[in-house]
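K.L.:
Next up is a structure, given as structure tokens.
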Amino acid sequence: MSTMLTLSGASVLANRGKDYSPPPPLSALRAALQEQLDELSKAHPEWSLQLGWASDEGSFGLAAGTVQQPSGTGQWAWPWEHSNPRPTGIYDKFLFGSGTKPLTSVAVLRLMEQGVLSLDDPVAMHVDKLLAAKNGTSMTALFGQEAADVTVGHLIRMQSGLADFDTPSLDDAILKHGDQSWPPFAILRAAGSSQPPMHFAPGSMTEYSSTNYVLAGLVLLAHDERARGEWERLDLFGLTFPPAVRPRYANVSFIDDELISSTATVPGFSGMIQGELTTIWAQRGGVLGWTCGNMAASTLDVAQFYRDLLVTKTILQPATVELMESFNVLNYGWEKGRLWYGAGLMIEQSASAHDHTITFPPDFRQWGSYIGHGGDTYGFLSEQGIVGGLGNASFSVVANMDYETSFVQGAMACRTISTAAKVLLNVKLNITCGT
């Protein structure tokens with residue numbers, strides 16, 4: 001079984017000592033972070049960069065670089081050959097990939113709070129009717145008899161054992177045929193064709209697999225009466241955000257089968273096909289994996305989401321937030337032994353902070369750590385969460401490329417954390433950030 005670490009909201013966020021003094025004006029932090037962002041942009045002028053910050057003292061968005069706007073609907077070789085350049089704006093909408101997973105988890109947990117479902121429910125009881133109607137299949141037909149024991153809770157905790165659909169062969173097919181529709185049923189069939197389709201008995205281990213969140217989306221679809229079983233009509237926005245907070249998230253969208261360019265305002269550039277660079281713009285939104293990666297938003301929106309979820313607790317009930325913060329170490333597959341997963345949340349460490357001695361289980365309050373979720377999707381990289389050591393502050397950073405995999409975490413996120421520590425607390429961190 002996985003080793004579990006449970007963090008209550010109080011213990012996670014009460015990180016300020018008795019000698020804490022009020023921070024300097026937020027303008028000082030804003031200026032310092034803009035300087036860092038501009039410096040990174042000078043080294044990579046072809047990229048669009050964006051940063052969002054939210055804390056007790058206020059929130060702000062920052063941007064740097066140039067948006068290379070496509071002049072047509074095709075796919076191009078290199079981003080800097082595009083025409084119609086313009087400055088990146090703080091309200092530009094990027095894609096956040098797996099940064100969508102916490103919102104999908106929240107939507108499932110809101111249904112739990114409403115008594116619509118239980119985390120102990122077998123997934124099949126919610127999705128088999130949809131699978132049969134749309135794809136002529138079922139959970140056990142796709143993944144074998146053991147899949148009958150997969151529960152809703154297993155999905156959002158990454159403990160189902162289901163193989164990940166995200167493989168190089170599928171990436172290649174999607175990027176070469178992104179103008180086609182990629183419904184969740186096709187993605188699930190790809191996952192079910194893996195050998196083996198299940199890696200362990202449900203609930204016995206923890207493995208990062210995006211297949212879990214495609215199925216979580218079907219669970220939501222089964223209970224969205226207005227969608228009538230049509231995945232393109234799922235109201236993930238309404239299921240995720242309570243009515244009281246929806247106005248502040250008017251800039252957040254979820255892309256289903258429409259063109260990415262109809263919602264995102266910044267094209268992405270993917271290097272996932274060896275020797276090629278693919279522009280992510282003219283594809284249909286299904287290529288993003290639907291509910292496991294289809295959010296389009298600004299970093300300011302995403303930073304605000306983490307404050308509302310984990311600090312002010314205006315999205316879920318406090319007891320449900322604690323459930324999200326019950327972490328298990330990944331003990332199978334990718335990042336085994338290095339990353340802790342809750343119910344749609346991760347404990348992450350800024351890549352360049354690995355020269356620290358990492359405690360085990362990890363101490364969230366250790367500098368360089370944050371509770372949130374990374375995003376790595378076609379053409380975009382992002383990192384976001386609540387910063388250890390700052391307690392009430394959340395951040396989000398994003399760049400519109402996926403081929404310099406250490407840049408966003410090791411440079412953008414790391415510099416955000418180290419700069420905030422210096423400006424707000426006059427603490428110089430012993431971490432080395434990238435460029």
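K.L.:
With an 8 Å Cα cut-off and a minimum separation of 6 or more residues, compute the relative contact order for the chain in percent.
P.N.:
Dividing the mean separation by the residue count of the chain yields 24 percent.
K.L.:
Under 10 Å, Cα contacts only: if you run a Gaussian network model on the chain, which one of ALA421, ALA393, ALA43 comes out with the highest mean-square fluctuation?
P.N.:
Looking only at ALA421, ALA393, ALA43, the biggest GNM fluctuation is shown by ALA43.
K.L.:
Where does the charge balance sit around GLU325 when Lys and Arg score +1, Asp and Glu -1, over other residues with C-beta under 13 Å from its C-beta?
P.N.:
Counting the neighbours of GLU325, the net charge comes to +1.
K.L.:
For region 390-435, state which trypsin sites (Lys or Arg not before Pro) are in a DSSP loop and have at most 15 other beta carbons lying within 10 Å of their beta carbon.
P.N.:
Answer in residue order: LYS428.
K.L.:
Can I ask one more? Provide the packing ranking of 168-176, 99-107, i.e. peptides ordered by the mean count of other C-beta atoms within 10 Å per residue, highest first.
P.N.:
99-107, 168-176
K.L.:
Could you size up the charge dipole of region 101-246 around its Cα centre, putting +1 on the beta carbon of Lys and Arg and -1 on that of Asp and Glu, and report it in debye to the nearest 20?
P.N.:
300 debye
K.L.:
Continuing with the same structure: Tell me which cysteines of the chain come out unpaired when the rule is another cysteine's Cβ under 4.7 Å.
P.N.:
Cysteines of the chain left without a disulfide-compatible partner: CYS292.
K.L.:
Enter the Cα centre distance for the pair region 255-307 and region 86-127, rounded to the nearest angstrom.
P.N.:
Each part's Cα centre sits 16 Å from the other's.
K.L.:
Considering amide H positions built from the backbone, and no H for Pro or chain starts, which residues 5 or more places from VAL67, or on another chain, come under 5 Å of its amide H?
P.N.:
Those lying under 5 Å, H to H, from VAL67 are ARG86, THR88.
K.L.:
Could you give me the ³J(HN,Hα) list for region 244-251, computed from phi with Karplus coefficients 6.51, -1.76, 1.60 and θ = phi - 60°, whole Hz, x at Gly and Pro?
P.N.:
Couplings: 5, 9, 4, x, 6, 10, 4, 7 Hz.
K.L.:
A further question follows. Given springs between every Cα pair under 10 Å in a Gaussian network model of the chain, which of ALA420, ALA244, ALA201 has the largest fluctuation?
P.N.:
ALA244
K.L.:
Moving on. LYS93: which aspartates and glutamates have alpha carbons under 16 Å from its alpha carbon, excluding same-chain residues fewer than 8 sequence positions away?
P.N.:
Within the straight-line limit of under 16 Å, LYS93 reaches these aspartates and glutamates: ASP256, GLU258, ASP301, ASP376, GLU383.
K.L.:
Can you give the translational diffusion coefficient of region 102-244 in µm²/s, computed by Stokes-Einstein from the Kirkwood radius over Cα pairs at 10 °C and 1.306 mPa s?
P.N.:
103 µm²/s
K.L.:
Let me ask you something else. Given contacts defined as C-alpha pairs under 8 Å and at least six residues apart, what's the relative contact order of region 101-246, whole-number percent?
P.N.:
31 percent
K.L.:
Right, another one. For LYS93, what residues show an amide H to amide H distance below 5 Å, using hydrogens built from the backbone and excluding near sequence neighbours?
P.N.:
Answer set, sorted by chain and number: THR265, VAL266.
Values quoted throughout were computed directly from the atomic coordinates according to the rules given, and no laboratory measurement underlies them. What you are looking at is a predicted structure, and each value in this text was computed from that prediction instead of being measured. Reconstructed Cβ throughout: ideal geometry from the backbone, glycine too, with neighbour counts over all protein chains shown.
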